[in-house]
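Here's the structure, in structure tokens; my notes come after.
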DNA sequence: TATTGTTATACTCTATAACTATA
DNA sequence: TATAGTTATAGAGTATAACAATA
């Protein structure tokens with residue numbers, strides 16, 4: 001029986017890929033308790049941060065296809081979390097805003113995200129946690145990542 | 001026009017998700033120069049580390065569906081990177097090994113992975129790079145992640 | 001009867017592009 | 001003519017379960 005060869009040492013980039021996927025899966029589990037998926041959370045967060053933006057704007061900022069935005073907004077509007085309001089300036093565009101219910105849900109999302117953060121980094125001391133955040137922020141900046149936007153929404157060609 | 005509300009502070013867990021996806025995309029770009037996808041690299045790495053393992057074993061270790069393994073091995077065998085050998089002990093199983101060509105390709109993969117690692121962490125000093133790796137390793141261990149196995153291969157139910 | 005590898009099928013997901021209404 | 005939003009469709013990808021060979 002052949003002896004297993006040694007696997008190459010694991011680098012930071014691979015650990016990031018592995019942990020990032022794991023973190024995304026755990027976050028998906030948590031927000032599923034609110035009957036939401038991570039992309040829906042992304043949409044709600046963007047509308048919360050830029051109230052009144054159009055579906056085109058939303059698509060562009062999240063790197064989503066406009067046709068996909070329609071489906072998301074349909075769903076969220078049907079659940080009374082988001083409203084479409086015809087713009088008075090240009091009647092082709094809808095201005096998106098959170099309803100009161102949507103705003104309340106955003107508060108719950110923030111609470112869930114805080115729990116997720118604390119649990120995910122539970123192995124670290126507060127100091128180490130801050131160090132990690134600082135190092136990751138530097139790396140993210142060096143790669144020009146848009147703060148708060150998951151690159152998975154992006155259109156890959 | 002409404003003033004944009006402030007976005008909540010970005011935590012380490014979200015940075016990990018964001019950076020992890022970005023790292024995976026960059027790695028995919030790099031290995032595409034070798035005409036490989038990241039899951040194919042995962043399969044090759046596993047066979048390199050455990051020569052002679054069966055397709056069932058491979059599926060189990062990578063968390064892949066056995067029917068998917070068939071397609072991967074078909075492709076890699078067709079490219080003369082991997083060989084299927086009937087086990088003499090149990091003629092139902094195939095023993096998977098890398099060909100000489102496959103072994104050479106693995107060396108190139110390791111070289112590409114090293115470049116990827118260096119480029120991805122280029123914003124950090126060697127000390128910081130080591131710190132980051134140490135912190136990520138601790139977090140990964142605290143979540144019982146299998147070293148070297150991407151959780152994206154896993155079956156989600 | 002159980003297990004390995006394989007194949008076929010049904011299902012989901014998603015990108016593309018056609019369509020409407022407004023400009 | 002160009003753009004915002006919508007819808008329909010075709011293509012890719014994938015999980016499930018049926019199947020053949022061997023145990």
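Data table
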| quantity | calculated |
| --- | --- |
| Test: residue B:83 is touching a helix residue (DSSP H, G or I) at 6+ places or on another chain (Cβ under 8 Å) and either surrounded by fewer than 15 Cβ atoms within 10 Å (Cβ to Cβ) or outside any helix (DSSP H, G or I) (or both) | yes |
| Criterion violated by residue B:72 - all others in (1) more than 30 Å from residue A:28 (Cα to Cα); (2) surrounded by 12 or more Cβ atoms within 10 Å (Cβ to Cβ); (3) more than 13 Å from chain A (Cβ to nearest Cβ) satisfied | (1) |
| Residue in segment A:94-104 that is assigned to a helix (DSSP H, G or I), more than 8 Å from DNA strand D (Cβ to nearest atom) and buried (at least 18 other Cβ atoms within 10 Å of the Cβ) present | yes |
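Any read-out appearing in this document is the output of simple, stated calculations on the displayed coordinates, not a laboratory observation. Because the structure is a prediction, the values reported are computed rather than measured. When we count neighbours, we look across all protein chains shown, and the Cβ atoms used for this are built from the backbone with ideal geometry, even at glycine.
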